[in-house]
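Structure first, commentary second.
The values are calculated or read from the model by the stated rules, or taken from the named source; none is laboratory data. Note that this is a predicted model, so its numbers are computed, not measured. All Cβ positions, even for glycine, are placed from backbone atoms using ideal geometry, and neighbour counts span all protein chains on display. Note: accessible area is taken over every heavy atom of the protein model, side chains too, but ligands, DNA and RNA are not part of it. Shrake-Rupley method; radii C 1.70, N 1.55, O 1.52, S 1.80 Å.
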Amino acid sequence: MNHYLRSTDNIDWETPAVRELARGLAGGASGEVDVARRCYEWVRDEIRHSGDYRASVTTCRASDVLREGTGWCYAKSHLLAALLRANGIPAGLCYQRLLLDDDRDVFTLHGLNAVHLREYDWYRVDPRGNKAGVDAQFCPPVERLAWLGDQPGEVNFPEILADPEPCIVECLTTHCGWEAVRANLPDFTMISSLTDAHLESKPHD
């Protein structure tokens, strides 16, 4: 489980600004579940989704997402993982394969989180940000994601990663601005292998 608590290049929770926000969100909370809910709702509601808001800047590292106030779903999941880990709550990254364009059968990976709550075990949440037709919520043990991922060709990957998929990091660090990122959003075919050692279907110590 220690893998899901560490600070990394992209989930850099030891950065002072991230630690300060994490402490503030945990202040006065009634317990672990309340802390996790506060962190989730803050990222969901206070960080703008870069595609929705057509942001000119592209972020990847959690501290950059916090500083710029914007991020794609992947980047927002990095910040949420950082805030949870800073509060001692194990958190990982999950992915779905979703239709991006129904008319052309174009798919993309979508990033979200899994949080380990002692009362409920692993629980998936989606901090991408709500809008018309999207109503993601934090209500364990019931899962309320932005999308079900149940259309033909869509996939809910069961793996819980401690670190972002390399193709995600490459996309966010190579392309600048919402148009460039949207034109190069990664798909399942860019994941090296679902059986690689860095993918864990069941988290372990």
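Suppose only helical runs count, i.e. DSSP H with n ≥ 4. What mean residue ellipticity at 222 nm does that imply for the chain under -39500 (n - 2.57) per run, divided by all residues and rounded to the nearest 500 deg cm²/dmol?
-9000 deg cm²/dmol
Under a 1.4 angstrom probe, counting protein chains only, how are Glu32, Glu119, Glu143 ranked by accessible area, largest first? It would help to have the intermediate numbers written out before the result.
Working: Glu32 35, Glu119 130, Glu143 85 Å².
The ordering from most to least exposed comes out as Glu119, Glu143, Glu32.
Compute, for Leu100, the solvent-accessible surface of its heavy atoms (probe 1.4 Å) with the complete set of protein chains present, and express it in square angstrom to the nearest 10.
Approximately 60 Å² for this residue.
In square angstrom, what is the accessible area per residue of the chain with a 1.4 angstrom probe? Don't jump to the answer; show the numbers that get you there.
Details: 9670 Å² over 205 residues.
Per-residue value: 47 Å².
Taking K and R as +1 and D and E as -1, what net charge do the other residues with C-beta under 15 Å from the C-beta of Ser56 add up to? Before the final figure, lay out the partial values.
Numbers: positive: Arg48, Arg54, Arg67, Arg182; negative: Asp52, Asp64, Glu68, Glu179.
Overall, the nearby charge balance is 0.
Determine the gain in length on full extension of the stretch Glu154-Val134; use 0.36 nm per residue of separation and subtract their C-alpha separation, reporting nm with one decimal.
Values: separation 20, 0.36 × 20 = 7.20 nm, distance 1.70 nm.
Going from the current span to full extension adds 5.5 nm.
Taking all protein chains in place and a 1.4 Å probe, what share, in percent, of the accessible surface of the chain do carbon and sulfur account for?
On the way: 4520 of 9670 Å².
The value for the chain is 47 percent carbon and sulfur by accessible area.
Please state the relative contact order of the chain as a whole percent: Cα pairs under 8 Å, 6+ residues apart?
Values: 398 pairs, mean separation 46.1, N = 205.
The normalised contact order for the chain reaches 22 percent.
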